[in-house]
Amino acid sequence: MVEIWSANAEGEFGTFLRGASPTGSNGIVEFQTIFPGFTSEGANHINLLVHTNSSASSGVSHVGQVFFTDQWTTIITMQPSYNTNTNARVLDLDDSVYMTATEAGFDPVVE
């Protein structure tokens with residue numbers, strides 16, 4: 001089971017933009033969502049929680065984030081709804097979670 005959640009276009013969290021789905025037999029899960037709005041707490045991202053089996057009440061094997069390039073966030077935030085976001089923006093290289101995720105050569109950026 002994988003859970004995701006993110007901020008809306010204005011950078012606010014709520015009961016929306018959350019989802020959970022079991023993986024297929026190949027370990028893959030797909031979600032359809034919007035481009036997240038940014039918060040002042042870190043670079044633009046979607047949060048992930050990976051459970052040890054197909055139940056949301058099972059143990060957790062990973063908590064993480066997937067990020068977006070600063071260039072994409074700049075382009076998207078020019079659009080209506082996103083352009084009303086008043087949060088202070090944190091760039092990828094200024095986010096300690098992003099930097100930790102890239103230290104071992106991993107690429108946490110959505111392509």
Review point. Once you wrap a convex hull around the alpha carbon atoms of the stretch 1-60, what is its projected area averaged over all directions, in nm²?
Key: 4.5 nm²
**Study point:** Equivalent-ellipsoid semi-axes of the stretch 49-111, from the Cα gyration tensor, Å, largest first
**Key:** 28, 17, 10
Practice item. Please work out the average accessible area per residue across the chain, using the 1.4 Å probe convention, and give it in Å². Key: 61 Å²
Exercise for review: Just need the relative contact order of the stretch 50-111 here, percent rounded to a whole number, with Cα pairs under 8 Å and 6+ apart.
Suggested key: 32 percent
Practice item. Would you please name the GluC sites (Glu not before Pro) within the stretch 1-39 that are DSSP coil residues with at most 16 other C-beta atoms within 10 Å of their C-beta? Key: GLU10, GLU12, GLU30
Exercise for review: Rounded to the nearest 500, what is the 222 nm mean residue ellipticity of the chain from helices alone, with -39500 (n - 2.57) per DSSP H run of 4+ residues and division by all residues?
Suggested key: -3500 deg cm²/dmol
Review point. How big, in percent, is the set of alpha carbon pairs in the chain lying more than 17 Å apart?
Key: 56 percent
**Study point:** Over the stretch 8-73, relative contact order from alpha-carbon pairs under 8 Å, at least 6 apart, %
**Key:** 27 percent
Study note, to complete from the structure: Percent antiparallel among DSSP beta bridges confined to the chain, nearest 5, equals 95 percent
Review point. Ignoring any ligand, DNA or RNA, what whole percent of the accessible area of the chain comes from carbon and sulfur when the probe is 1.4 angstrom?
Key: 55 percent
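The values are calculated or read from the model by the stated rules, or taken from the named source; none is laboratory data. Quantities reported herein were computed from a predicted structural model and do not represent experimental measurements. Note that each Cβ is placed from the backbone with ideal geometry, even for glycine, and that neighbours are counted across all protein chains shown. These accessible areas exclude ligands, DNA and RNA; they are computed on the full protein's heavy atoms, side chains included. Shrake-Rupley method; radii C 1.70, N 1.55, O 1.52, S 1.80 Å.
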